[in-house]
Amino acid sequence: MTRILIVEDEDDIASVLVDYMRHAGYDTERVADGESALARMVDDPPDLTLLDVMLPKLDGMAVLEQARRHTAHPVIMVTARIEELDRLLGLELGADDYVCKPFSPREVVARVRAVLRRGMAAAGPPPDPPRLQLEDTQWRASLDGRPLVLTRLEFRLLQVLSRQPGRIFSRGRLLDLAYDDTADVTERAIDSHIKNLRRKLAAASPDHDWIRSVYGVGFAFEAPAT
Ligand code: CA
């Protein structure tokens, strides 16, 4: 059974995480301070550690830094603030992913799955292809369960392109299909929206290029290989 170590000093949050992880079929263990976490990660590494940053005795960053000298098992860091997240990313501590509080437990489960899947991919069997989901009625998009923050127009472009994977759409055609009112929009504006869209998709799934640009012609949606 896959073992998840949950490092969290706040009991309420820890118990929610434990419940969700168990429900998702993982064996869980919880520790509430940095020193116990480090001992546990080094002595008997779990399959994945969910590591809170603000912890008694030793903070999550120090725990990860020291643990990394002994173990390479996947670690997802849990931060309390978005500004802290920026700093953590800059430090390159070797975390496999980051989750920011307040989080939805469901999202954390999705992240855990995705990180474990990446680990298994590195060990041999091919990875599951990234899954892009569009909820047309709510203008919401997600990649592997993680929400993508798109503008309405980016959503429309993605919707139009993804409905016919591989088909090349000219800028003019995209303009017609994605904009409600094309009166004062140029075809060049499409390029900048597509550029932003690609950047967001690339940030969420760096291993797959979702939108191919066909020089002088337009753009096509590339479905990941299954
Ligand atoms: Ca904490």
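Please enumerate the residues belonging to the stretch 1-32 that are open to solvent by less than 50 Å² (accessible area, probe 1.4 Å), more than 16 Å from the ligand (Cβ to nearest atom) and in contact with a Pro (Cβ under 8 Å, 6 or more places away or on another chain). Show your work before the answer.
Initially, the stretch 1-32 is screened for residues open to solvent by less than 50 Å² (accessible area, probe 1.4 Å), giving 2, 4-8, 13-14, 17-18, 21, 24-26, 28, 31-32.
Subsequent filtering for residues that are more than 16 Å from the ligand (Cβ to nearest atom) retains 2, 4, 21, 24-26, 28.
Scanning the stretch 1-32 gives a single hit, Ile4.
Kindly establish whether Val99 is of a type in the set (Val, Ile, Thr) and away from the ligand (no atom under 12 Å from the Cβ). Full working, then the answer.
Numbers: of a type in the set (Val, Ile, Thr): yes; away from the ligand (no atom under 12 Å from the Cβ): yes.
It is true that Val99 is of a type in the set (Val, Ile, Thr) and away from the ligand (no atom under 12 Å from the Cβ).
Restricting attention to the stretch 33-46, does a residue exist that is open to solvent by 30 Å² or more (accessible area, probe 1.4 Å), within 14 Å of the ligand (Cβ to nearest atom) and of a type in the set (Lys, Arg)?
The answer is no, given that none of the residues of the stretch 33-46 is open to solvent by 30 Å² or more (accessible area, probe 1.4 Å), within 14 Å of the ligand (Cβ to nearest atom) and of a type in the set (Lys, Arg).
Can you name the residue in the stretch 74-91 that is open to solvent by 30 Å² or more (accessible area, probe 1.4 Å) and within 14 Å of the ligand (Cβ to nearest atom) and is also farthest from Arg22 (Cα to Cα) among such residues?
Arg81
For the stretch 144-162: of the residues being open to solvent by 20 Å² or more (accessible area, probe 1.4 Å) and among the polar types (S, T, N, Q), which is farthest from Ala223 (Cα to Cα)?
Across the stretch 144-162, the extreme among qualifying residues is Thr151.
Could you run through the stretch 200-222 and say how many residues are closer than 27 Å to Arg111 by Cβ, free of Cβ contacts under 8 Å to residues at least 60 places away in the same chain and open to solvent by 30 Å² or more (accessible area, probe 1.4 Å)?
6
So, in the stretch 47-73, of the ones that are away from the ligand (no atom under 16 Å from the Cβ) and buried (at least 18 other Cβ atoms within 10 Å of the Cβ), which residue ends up farthest from Arg3 (Cα to Cα)? Give the derivation first.
Initial filter on the stretch 47-73 (away from the ligand (no atom under 16 Å from the Cβ)): 47-48, 65-73.
Keeping just the survivors that are buried (at least 18 other Cβ atoms within 10 Å of the Cβ) gives 47-48, 67.
Details: Asp47: 5, Leu48: 7, Ala67: 17 Å.
Looking at residues that are away from the ligand (no atom under 16 Å from the Cβ) and buried (at least 18 other Cβ atoms within 10 Å of the Cβ), I get Ala67.
From the residues in the stretch 174-187 that are in a helix (DSSP H, G or I) and under 15 Å from Gln159 (Cα atoms), which one is most open to solvent (accessible area, probe 1.4 Å)? Please lay out each step first, then the result.
Step one: filter the stretch 174-187 for residues in a helix (DSSP H, G or I), giving 174-178, 187.
If we keep only those that are under 15 Å from Gln159 (Cα atoms) as well, we get 174-178.
Values: Leu174: 0, Leu175: 18, Asp176: 96, Leu177: 56, Ala178: 5 Å².
Ranking the candidates gives Asp176 first.
Restrict the check to the stretch 188-199 and report whether at least one residue is basic (Lys, Arg), open to solvent by 90 Å² or more (accessible area, probe 1.4 Å) and assigned to a strand (DSSP E or B). Spell out how you get there, then give the answer.
First, the residues of the stretch 188-199 that are basic (Lys, Arg): 188, 195, 198-199.
This time we only want the ones that are open to solvent by 90 Å² or more (accessible area, probe 1.4 Å), so: 188, 195, 199.
Pick out the ones that are also assigned to a strand (DSSP E or B) and you get none.
The answer is no, given that none of the residues of the stretch 188-199 is basic (Lys, Arg), open to solvent by 90 Å² or more (accessible area, probe 1.4 Å) and assigned to a strand (DSSP E or B).
Within the stretch 137-144, is there a residue that is over 13 Å from the mean Cα position of the chain (by Cα), without any contact (Cβ under 8 Å) to a residue 24 or more places away in the chain and assigned to a helix (DSSP H, G or I)?
Among the residues of the stretch 137-144, not one is over 13 Å from the mean Cα position of the chain (by Cα), without any contact (Cβ under 8 Å) to a residue 24 or more places away in the chain and assigned to a helix (DSSP H, G or I), which makes the answer no.
The values are calculated or read from the model by the stated rules, or taken from the named source; none is laboratory data. All figures in this text were calculated on a predicted structure; none of them were measured in a lab. Note that we place each Cβ from the backbone using ideal geometry, even for glycine, and neighbour counts take in every protein chain shown. Keep in mind that these areas ignore ligands, DNA and RNA; they rest on the heavy atoms of the full protein, side chains included. Shrake-Rupley method; radii C 1.70, N 1.55, O 1.52, S 1.80 Å.
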